[in-house]
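Values in this text are rule-based calculations from the coordinates and carry no lab data. Please read all numbers here as calculations on a predicted model, not as lab measurements. Cβ placement follows ideal geometry from the backbone for every residue including glycine, while neighbour counts extend to all protein chains displayed.
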Amino acid sequence: MLPFIVILLFLLFIFILCLITFYNTYKKLLFEISLMPIPTTFEKKIEKHPLIGYSFPLIDYKDLNLANKNCVVLITSDKCSNCENSLSEVMQFFRYKNFDFLHINASKDSANEENQIYVSEIDYTYYEINISIEDLKKYNLTTFPTFILINNYTIVEVTNIAYRIQYLLETEQF
């Protein structure tokens, strides 16, 4: 009977050690969880760009002779390394849509020049305009590349992510 009591006491001792270990681990975990930020601190209030809902201020639709009321605008800069591939990337998925395409190239050099417009027709109307960076800063267009979706002569979306525009066009959420 004595060995049975010794074994039982030994198992009880092991069980108590396990409980103490688990309890300490539980307390450490609760402490670490208390250090985590509250999820509401990560909620970012998404503010719309101030141009959304208005006509695009940098172009005159009559001068450009837009065939459609819908237009996709890409604003790039000469000094922007991310802009180099953005034009070819955008052309791949916009060529199948019934949208005019306007490429605005922002540079410091074009501040002295008059805005130049180059028009070429492929399967849709493509425009390229040189505008000074200072003109773009007036409208809070300071990051490059910037993509703008215009529907019925009104700006619907301003974003720096090409696939956001592609998503809106594919799901027709504009």
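List of remarks:
- Ranked by the mean number of other Cβ atoms within 10 Å of their residues, highest first, the peptides 157-169, 26-38 fall in the order 157-169, 26-38.
- Principal axis dimensions, region 2-42 - Cα atoms, whole angstrom, descending: 61, 9, 5
- Taking label points 7 Å from Cα along the Cα-to-Cβ direction, L9 and N152 give a separation of 8.8 nm.
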